[in-house]
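For reference, the structure is listed below as structure tokens.
The values are calculated or read from the model by the stated rules, or taken from the named source; none is laboratory data. Please read all numbers here as calculations on a predicted model, not as lab measurements. Please note: Cβ atoms are built from the backbone with ideal geometry, for glycine as well, and neighbour counts cover all protein chains shown.
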Amino acid sequence: MALRASADIVVAGTAMTRFGRHPERGLADLAVEAAGAALADAALAAEDVDALYLGTFLGRSLQGQGVLASVVAQRLGLGPVPTTVVEGACASGGIALRHGVLACRAGAARVVLCVGVDQMTNAPTPAVTTGLAEAFEAGVDRELGLTFPGFFGLVASAHAARYGTTRDHLSAVSVKNRGHGAGNPDAIFATPVDLATVSAARPIADPLRLYDCSPIADGAAAAVVCQRADAPRPGRSIAVLACEQGSGPAATAAVEDLCTFRATTAAATAAYRNASVAPSDVDVVELHDCFTIAEIVDSEDLGVLPRGEAAEAIAAHATRLGGEAATVNPSGGLLSRGHPVGATGLAQIHELVCQLRGEARNQVPGARVALAHNLGGSGATASVTLLAA
Amino acid sequence: MSGTAVVPAVVIAATAIHAAPEGFEPGYVLALVDVAGARRLVRLEMGPDGPPRPGSSVPYRDGGG
């Protein structure tokens, strides 16, 4: 494997808040905590930051807060730098990172602060469900009462019909990720579950049940991106080999194939090509397991597991820590950590930076190449980032 | 002339919504169906065996001209 010689952009520091319920704190409080800790991790100060990109999806509809990037910049004491809110549904955090990488690569900024945040638990669940449905194209899906568990229920139905994916296959994803997340102090669910519990949980959207669904949460995560020459701690900085994005339909009837997400395959293809990395080179993956079936489809779309074989391979523990394939979601993923939607993409980066520094709680031995995958909506957008130690 | 015609539709995927958004009562079925080569997301009544299976045929009320 030849790592790309021009991998001169690095993640110099990362941090995240605990994902869970934070009723005593506001959206900006969470973002400021994560951003300040990421700057400290990078050994950089507020005055070093040239730009801020902030990913949030529900900041306006649930919390009524616009211009959040500027609010956070002021609270952090940044200079009068450009601040931009980035919205790509559940991929908002991954896209914020991409804009930071692009700004550094273009020479428009030397140090960029990328933040993701959302606060969801202070709103009634039906209101959150309605807010999340804004990620569908207006006109059909929402008006018929389609929810995101419902959309991924359709994906599971189609995947079962084509590949024979079973209830036990879906449950195995939840059991693996809740096992990885057990004891994670940053996770909303830090306890394991067994197969029988997952399979018998109350139905949400057939065939998906409660533990097939990532929990809503409050939280923030952040990453500091810069040129390697500008990183005060180059030895702790992690190279960004590629940071790519793809798009696809936001209406269910326009999805050509429910068993694959075109946004993911487009972003992954570009990332592997631009980094000169093959899927088999990747040691550790944080992918978008918003639902158990999503991890199965994502694993196939990213080339982590062969098409049509992911469900069986996951059930056979191939992607568990110590398994024969790349370890997938050693943090516990969205299913365990929780899914404050705008923060998820940068929480994935935080976990992978810890992995590549050799400091992760569930350390993949010798991890050298890592992949983050963040999916938005019904595959309307996706980001894929490749990192290397 | 105006009206509607019931035409066959083949189920590509189907789900029953048990946790509904604001303004909806739980328990309805949504199906992605193929109607003469065009895909539609449609709402169906819940059958005794749950949502219809992919590959099965369901009636679809098409808008008339």
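Points worth noting:
- Members of the stretch A:267-286 found to be closer than 14 Å to A:Asp301 by Cα and surrounded by fewer than 19 Cβ atoms within 10 Å (Cβ to Cβ), listed by number: A:Thr269, A:Ala270, A:Ala278, A:Pro279, A:Ser280
- Every test in (1) within 21 Å of A:Gly333 (Cβ to Cβ); (2) assigned to a loop (DSSP other than H, G, I, E, B); (3) aliphatic (A, V, I, L, M) is passed by A:Ala123 save one, and that test is (1).
- The set of residues in the stretch A:232-253 that are surrounded by 16 or more Cβ atoms within 10 Å (Cβ to Cβ) and farther than 16 Å from A:Gly88 by Cβ comprises A:Arg236, A:Ser237, A:Ile238, A:Ala239, A:Val240, A:Leu241, A:Ala242, A:Ala251, A:Thr252, A:Ala253.
- Residues in the stretch A:279-327 that are charged (D, E, K, R), over 17 Å from A:Phe261 (Cα atoms) and more than 20 Å from the chain's Cα centre (by Cα): A:Asp281, A:Glu312, A:Glu324.
- Residue that is in contact with a Ser or Thr (Cβ under 9 Å, 6 or more places away or on another chain), closer than 16 Å to A:Asp289 by Cα and hydrophobic (A, V, I, L, M, F, W, C), where the choices are A:Ala220, A:Ala196, A:Ala182, A:Ala156: A:Ala156
- The listed residue being under 17 Å from A:Cys226 (Cβ atoms) and either β-branched (Val, Ile, Thr) or modelled with pLDDT under 95 (or both), out of A:Asp8, A:Asp48: A:Asp8
- A:Ala133 farther than 23 Å from B:Leu30 by Cβ, of a type outside the set (Asp, Glu) and within 12 Å of chain B (Cβ to nearest Cβ): no
- Candidate set from the stretch B:1-16 (those that are at pLDDT below 95 and among the hydrophobic types (A, V, I, L, M, F, W, C)); member that is nearest to the chain's Cα centre (by Cα): B:Ala9
- When the criteria are applied in full, A:Ala343 fails the requirement of being over 22 Å from A:Arg167 (Cα atoms) and within 14 Å of chain B (Cβ to nearest Cβ).
- Residue check for A:Val72: of a type in the set (A, V, I, L, M), outside any loop (DSSP other than H, G, I, E, B) and closer than 19 Å to A:Leu132 by Cβ: no
- A:Ala367 being of a type in the set (Gly, Ala, Ser), buried (at least 22 other Cβ atoms within 10 Å of the Cβ) and over 25 Å from A:Ala254 (Cα atoms): yes
- Search result, residues across the stretch A:358-389 that are farther than 23 Å from A:Ala91 by Cβ and in contact with a strand residue (DSSP E or B) (Cβ under 7 Å, 6 or more places away or on another chain): A:Val364, A:Ala367, A:Arg368, A:Ala389
- Among the residues of the stretch A:356-382, those that are more than 30 Å from A:Ala138 (Cβ to Cβ) and in contact with an Asp or Glu (Cβ under 8 Å, 6 or more places away or on another chain) comprise A:Ala360, A:Val364, A:Gly366, A:Ala367, A:Arg368, A:Val369, A:Ala370, A:Leu371.
- For B:Ala9, the stated conditions do not hold, so it cannot be described as more than 8 Å from chain A (Cβ to nearest Cβ), exposed (fewer than 14 other Cβ atoms within 10 Å of the Cβ) and aliphatic (A, V, I, L, M).
- Every residue from the stretch B:47-65 that is within 10 Å of the chain's Cα centre (by Cα), surrounded by 13 or more Cβ atoms within 10 Å (Cβ to Cβ) and more than 8 Å from chain A (Cβ to nearest Cβ): B:Pro52, B:Val58, B:Tyr60
- Among (1) farther than 23 Å from A:Leu44 by Cα; (2) assigned to a helix (DSSP H, G or I), the one test that A:Arg98 misses: (1)
- A:Val32 being within 17 Å of the chain's Cα centre (by Cα) and in contact (Cβ under 8 Å) with a residue 24 or more places away in the chain: no
- Close Cβ contacts (under 7 Å, 6 or more residues apart or on different chains) running from residues in the stretch B:20-39 that are more than 8 Å from every other protein chain (Cβ to nearest Cβ) to residues that are among the hydrophobic types (A, V, I, L, M, F, W, C) and in a loop (DSSP other than H, G, I, E, B) comprise B:Pro26/B:Ala19; B:Pro26/B:Ala20; B:Gly27/B:Met46; B:Val29/B:Met46.
- Within the stretch A:47-76, considering residues that are of a type in the set (Ser, Thr, Tyr) and touching a helix residue (DSSP H, G or I) at 6+ places or on another chain (Cβ under 8 Å), the one surrounded by the most Cβ atoms within 10 Å (Cβ to Cβ): A:Thr56
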